[in-house]
Amino acid sequence: MTTADDMPTLAAPADTPALAGLRVVDLSTGIAGGYCTKLLVDAGADVVQIEPPEGDPLRRTTACASIGLGRGEDSAVFQYLRRGQQSVVPDDRTAAVAELAAGADVRFTGLLDAAALAELRTRAAVVLAPSRWEEPCPYSVLEALAAGVPVLASDRGGLPELVGEGATLPATDQGAWSDALSELWQNPGLRAKRGAEALARAHERFGEDRFYDRLIQLYGAVSS
């Protein structure tokens, strides 16, 4: 395994960071993954990025998102987003992922195709939608409900209507999120019950027949 140079590490604050001791394995590339893991690093997490053999394209991405730098030159965007993270370029990527993920608390998968995402979703204990934006109708929540996975969502936009009152939490109440997630995580029976309720809600409110009936009713109302 060959190891790339570590980026400079941010100075630790006087108080213990909220995510100190959390180990994160990041398989993503690009700006989105870099920004997400930067937030974790800023909160004290230990992030290890597994880069592809050719390196993260973000290393050669300029501020206008065009690939413009040569090998060996790290862009300012990369240096900003990946600061404080360890980066490895393994000879055997599969083995490296298995080894690092075994000891990780969080794993960023990067972009997945539809089949891989569906398979991963079926193995999820719970799906979180902690958005602070007024989400109208995110597919990620609908797909989780349809897969029978319990969902915890913030009280913003259309999320309460999607998941129901019992699964809605104040967007900025960290304690409420921690308590709700701990309750589900530690109680398999409750997870199964909430998952069954999620699936029933998906069929009742968001199934194809339901949408068809409501659409025909709407057409009838506007044409009469």
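Quick look at the values:
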read-out: Enumeration of residues in the stretch 153-167 that are surrounded by 21 or more Cβ atoms within 10 Å (Cβ to Cβ) and either at pLDDT below 95 or in contact with a helix residue (DSSP H, G or I) (Cβ under 8 Å, 6 or more places away or on another chain) (or both); value: Ala153, Leu159, Leu162, Val163, Ala167
read-out: Only listed residue being in a loop (DSSP other than H, G, I, E, B), modelled with pLDDT under 95 and hydroxyl-bearing (Ser, Thr, Tyr), chosen from Ser131, Ser182; value: Ser131
read-out: Residue in the stretch 187-202 that is assigned by TED's automatic domain parsing to the domain that holds Leu117, within 22 Å of Glu119 (Cβ to Cβ) and polar (S, T, N, Q) present; value: no
read-out: Qualifying residue in the stretch 97-105 (condition: crowded, with 18+ Cβ neighbours inside 10 Å, over 25 Å from Ala125 (Cα atoms), at pLDDT 85 or above and not assigned by TED's automatic domain parsing to the domain that holds Ala124); value: no
read-out: Positions within the stretch 185-196 being without any contact (Cβ under 8 Å) to a residue 24 or more places away in the chain and either in a helix (DSSP H, G or I) or within 17 Å of Tyr139 (Cα to Cα) (or both), in sequence order; value: Pro188, Gly189, Leu190, Ala192, Lys193
read-out: Checking Trp177 against (1) over 18 Å from the mean Cα position of the chain (by Cα); (2) in a helix (DSSP H, G or I), the condition it does not meet; value: (1)
read-out: Output for the stretch 47-73, where each listed residue is surrounded by 11 or more Cβ atoms within 10 Å (Cβ to Cβ), in contact with a helix residue (DSSP H, G or I) (Cβ under 9 Å, 6 or more places away or on another chain) and either closer than 25 Å to Asp92 by Cα or modelled with pLDDT of 85 or more (or both); value: Val47, Val48, Gln49, Ile50, Glu51, Pro52, Asp56, Pro57, Leu58, Arg59, Arg60
read-out: Criterion: touching a Leu at 6+ places or on another chain (Cβ under 8 Å) and over 21 Å from Ala43 (Cβ atoms) - qualifying residue of Leu152, Leu145, Leu117, Leu81; value: Leu145
read-out: Pick from the stretch 106-124, criterion without any contact (Cβ under 8 Å) to a residue 40 or more places away in the chain and small (Gly, Ala, Ser), ranking: surrounded by the most Cβ atoms within 10 Å (Cβ to Cβ); value: Ala124
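To keep it simple, each residue is scored yes or no on (1) hydroxyl-bearing (Ser, Thr, Tyr); (2) surrounded by 17 or more Cβ atoms within 10 Å (Cβ to Cβ).
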| position | (1), (2) |
| --- | --- |
| Val126 | no, yes |
| Pro130 | no, no |
| Ser140 | yes, no |
| Val151 | no, yes |
| Asp173 | no, no |
| Trp177 | no, yes |
| Phe211 | no, no |
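The values are calculated or read from the model by the stated rules, or taken from the named source; none is laboratory data. Just so we're clear, the structure is a prediction, and the values are computed from it rather than from any experiment. Cβ atoms come from the backbone with ideal geometry, glycine included; neighbour counts cover every protein chain shown.
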